[in-house]
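Visitor: I am attaching a structure below and will ask some questions about it afterwards.
The values are calculated or read from the model by the stated rules, or taken from the named source; none is laboratory data. All values derive from a computational prediction rather than experimental measurement. No Cβ is skipped: glycine too gets one built from the backbone with ideal geometry, and neighbour counts run over all protein chains shown. Protein only, heavy atoms only, side chains kept; ligands, DNA and RNA dropped before computing areas. Shrake-Rupley method; radii C 1.70, N 1.55, O 1.52, S 1.80 Å.
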Amino acid sequence: MLLSVLLQAAATAGLNQLGAAIGTAIAVIGAGLGIGKIGQSAMEAIARQPEAAGDIRMSMIIVAALIEGATLFAIVVCLLAL
């Protein structure tokens, strides 16, 4: 009984690591795409209204920080899944 439980746990350990790696990769790729889109939109907005550059830049930094925080949380959850 105990041996079968240990064998089953050992067999699924590889899938747990694979799932955590894929989850981490998706979180990081999503964050990179999101921050890239924020930068693109901010540059376009600054090009259209140069006088609002300070407000746009501040909003861009705040949103980028929120995305990075959510990404860090996702990475920690994936590492805890190991």
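Visitor: Hey, can you find the accessible area per residue of the chain for me, probe 1.4 Å, expressed in square angstrom?
Guide: Result: 74 Å² per residue.
Visitor: Taking R0 as 22 Å, what FRET efficiency do you get between residue 62 and residue 16 from their Cβ-Cβ distance, rounded to the nearest 0.05?
Guide: Efficiency, from the Cβ-Cβ distance: 0.05.
Visitor: A further question follows. In degrees from 0 to 90, rounded to the nearest 10, what is the angle of the helix 2-48 Cα long axis to the longest principal axis of the chain?
Guide: That helix lies at roughly 0 degrees to the long axis.
Visitor: In whole percent, how big is the carbon plus sulfur part of the accessible area of segment 24-73, probe 1.4 Å, protein atoms only?
Guide: Carbon and sulfur: 72 percent of the exposed surface of segment 24-73.
Visitor: Here is a follow-up. How far is helix 53-80 tilted off the main Cα axis of the chain, in degrees rounded to 10, range 0 to 90?
Guide: 0
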